[in-house]
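The block underneath contains the structure these notes are about, expressed in structure tokens.
Read the figures in this text as sums done on the coordinates, not as results from a lab. Just so it is clear, the structure is predicted and the values come from calculations on it, not from any experiment. In this analysis, Cβ positions are derived from the backbone assuming ideal geometry, glycine residues included, and neighbour counts consider all displayed protein chains.
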Amino acid sequence: MAPQLFGIEHILYLIISTAVSSAALLLAKKYAKTEKSQQIFLKAVAVLLFIAIVTNRLSQVFRYDEVRWYLIIPDSFCGMTSLVLALAVLFGKRDNNVLHFVWLLGIFGGVSSSIYASYIGQGATVFYLPTISGLFHHSISATLVVGLLMFGQIDITYKKWYCTLFGFTSYLTLGAFMMQEFGMSDAFHIAEPLIEGTFLTAWGMAPLYAVGYALILWIAEIVKKRRKKTDAS
């Protein structure tokens, strides 16, 4: 019998992964006091994330009777975000523009897709490679973003709002290409909803994401202003 959403295997995974991620972040916060040590921790997590997403994509390539090499390209917001986030941390500078696009998708998509793991019934066990690698890359993505925020590697500001617009447009462009060239109707949920029977296509999610992101930027600016007043007084 395949594992069930919120079944025993799924719940155990959520408990264990949350405990491991929390412990890693707490230990990093306690012992990584220098910029160098913080970078080592973040890049180590980024390497794990890169391994997880590449493993997940390769498992999709060989999942079917016919090898489908085009599936090496992540075809979802979460999958592409995991890949882009890992590379942005490994090769980019702190607070680079790419991070300003992927950080919110990384933490929200990572958490929500670990909890509501609609893909969990792919095989007879949660350890079926496409399933476990999918769970891993979502969890590690969220952990990495929390680490970046914890160590101040991202300065959340409205001045970088255009990064989100550019990134979202790039995702949709790639999705349209994959639909056209490979017949993938669910690529980046342009034509098919994230959850069957809902309005959550890319077009339905975009305004929700924009409103949520705007609220976060607004709150971040309020917090910054209050901190400046407190420091000045």
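Can you give the net charge of the other residues whose Cβ lies under 11 Å from the Cβ of Met179, counting K and R as +1 and D and E as -1?
-4
Longest exposed-loop-site-free stretch of the chain, with trypsin sites (Lys or Arg not before Pro), DSSP loop and at most 11 other Cβ within 10 Å?
94-233
With each label point set 7 Å from Cα along the Cα-Cβ vector, what nm distance links Val211 and Val61?
Modelled inter-label distance: 4.1 nm.
If you work out semi-axes √(5λ) of the Cα gyration tensor in Å from the coordinates, which of (i) 39, 18, 12; (ii) 41, 20, 16; (iii) 30, 22, 17 do you get?
(iii)
Test of understanding: extend the Cα→C-beta vector of Tyr162 to 7 Å, then name every residue of region 202-224 with backbone N under 14 Å from that spot.
none
Calculate one ³J(HN,Hα) per residue across region 68-84 by plugging θ = phi - 60° into the Karplus curve 6.51 cos²θ - 1.76 cosθ + 1.60, and present them in order as whole Hz with x for glycine and proline.
Per-residue couplings from phi come out as 10, 5, 5, 6, 5, 7, x, 10, 9, 4, 5, x, 5, 5, 4, 5, 5 Hz.
Name the lysines eligible as straight-distance cross-link partners of Lys30: C-alpha to C-alpha under 30 Å, and not fewer than 8 places from it in the same chain.
Lys43, Lys93, Lys224, Lys225, Lys228, Lys229
Quote to one decimal, in nm, the extra length available between Leu149 and Val20 on full extension: 0.36 nm per residue of separation minus the C-alpha distance between them.
On the way: separation 129, 0.36 × 129 = 46.44 nm, distance 1.82 nm.
This chain segment gains 44.6 nm when fully extended.
Which residues make up the longest stretch of the chain clear of GluC sites (Glu not before Pro) that lie in a DSSP loop with no more than 15 other Cβ atoms within 10 Å, not counting the sites?
Free of exposed loop sites, the longest segment is 67-195.
Rounded to the nearest 500, what is the chain's calculated 222 nm mean residue ellipticity when only DSSP H runs of at least 4 contribute -39500 (n - 2.57) each, over all residues?
Details: 7 runs with 160 residues, N = 233.
After summing the helix terms and dividing by residue count, I get -24000 deg cm²/dmol.
How much length, in nm to one decimal, is gained on full extension between Glu192 and Phe177, taken as 0.36 nm per residue of separation minus their Cα-Cα distance?
3.9 nm
Count charges around Ser118 for me, please; just the other residues with Cβ under 13 Å from its Cβ, Lys/Arg as +1, Asp/Glu as -1. Show your work: numbers first, answer last.
Values: positive: none; negative: Asp186, Glu192, Glu196.
Result for the local shell: -3.
Can you run phi through the Karplus equation (6.51, -1.76, 1.60; θ = phi - 60°) for region 126-139 and list ³J(HN,Hα) in whole Hz, with x for Gly and Pro?
For region 126-139, the Karplus curve yields 5, 8, 4, 3, x, 6, 5, 5, x, 4, 4, 5, 5, 5 Hz.
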